[in-house]
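Below: one structure, written as structure tokens.
The values are calculated or read from the model by the stated rules, or taken from the named source; none is laboratory data. Since the structure is predicted, the reported quantities are computational estimates derived from the model, not experimental observations. Neighbour counts are summed over all protein chains in view; Cβ atoms, including those assigned to glycine, are modelled from backbone coordinates with ideal geometry. Accessible surface areas use protein heavy atoms only, side chains included; no ligands, DNA or RNA. Shrake-Rupley method; radii C 1.70, N 1.55, O 1.52, S 1.80 Å.
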Amino acid sequence: MAHKYMITVLSLLLLAGLAWSQTQTTFTVGGSWWNSKYDWIATDDDWEDVEVGTGNFIGPYLSINHGKWNFGASAMFGTLNVEDWEGVEVKRSDLNFTLGHRIISSPSFGMNLFGGLKFVKFSTEGSYDFSFYDEYYGYYEDTYEIDETVSGMMYGGGVSMVIPFGSSNLYGYGSLAYLTGTLTWDDNVTGDSEENEEATNLVAITAGVGYRFSGGFGINAGYRGDIFGSEESDYVERLSGLILTASFTF
């Protein structure tokens, strides 16, 4: 279902861009690689933080700029390896769509306000063996099966900035977004699906530097962090790490 959303919106963006004059409209297409660490940050002093694992995410993006307006679509897909649970994988995908308007556009500073939608999905599957010793029951071992999906739509907005470094093609960039929505938990570990819904908030942060070559090719390198959770949760979940992007503008 998420892939259908991506194809539909990308097609609409392309058609909208082609309907404008090419002298006033620019297209940017590219791809990103995100090396991310997955942590659970405890919200209670009685709990300890958990380092879940690491993974790599890749995906394309498209941006259409016309005057002060801009439209964007991006996707990220990848797999996280769980460090302490051998044989368990966490697959994550997210699709993002934005509509923005530049409120400041000068040679020394640019600022853009945007609204956005995110379709996110986590799928955790696998099994792991565990054991422990109890003075009363003695030695115990078992295999724990995991089959869980967390998915839903989030909406919100944010601000992005670009700061050119003098007259060179080097620049700094950053963005901050806040999204909210309801995510659905589907737990199929027992064979009978158990579904729960929970209101969830997300803060997304990016910051880094980029360079735009004269032919339209550009590269970015920086930090991306997605921090999300709910008021009822004992943990705030965080995906964060290095992100590299290559793009071409025409």
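Look through the stretch 195-244, keep the residues that are out of contact with any Phe, Trp or Tyr (no Cβ under 8 Å at 6 or more places or on another chain), open to solvent by less than 70 Å² (accessible area, probe 1.4 Å) and not aliphatic (A, V, I, L, M), and return whichever of them is farthest from Gly115 (Cα to Cα). Only one residue tops the list, namely Gly215. Scanning the stretch 102-115 for residues that are closer than 17 Å to Tyr173 by Cβ and either surrounded by fewer than 14 Cβ atoms within 10 Å (Cβ to Cβ) or touching a residue at least 40 places away in the same chain (Cβ under 8 Å) (or both) returns Ile103, Ile104, Ser105, Ser106, Pro107, Ser108, Phe109, Gly110, Met111, Asn112, Leu113, Phe114.
Checking the stated criteria, Asn70 turns out not to satisfy the condition of being open to solvent by 60 Å² or more (accessible area, probe 1.4 Å) and under 20 Å from the mean Cα position of the chain (by Cα). Restricted to the stretch 24-42, and to residues there that are more than 17 Å from Lys91 (Cβ to Cβ) and of a type in the set (S, T, N, Q), the residue that is most open to solvent (accessible area, probe 1.4 Å) is Gln24.
The requirement of being open to solvent by less than 70 Å² (accessible area, probe 1.4 Å), modelled with pLDDT under 95 and within 13 Å of the chain's Cα centre (by Cα) is fulfilled nowhere in the stretch 83-90; no residue meets it. Looking across the stretch 153-192, the residues that are touching a strand residue (DSSP E or B) at 6+ places or on another chain (Cβ under 8 Å), open to solvent by 60 Å² or more (accessible area, probe 1.4 Å) and within 14 Å of Gly210 (Cα to Cα) come down to Met161, Val162, Ile163, Phe165, Asn169, Leu170.
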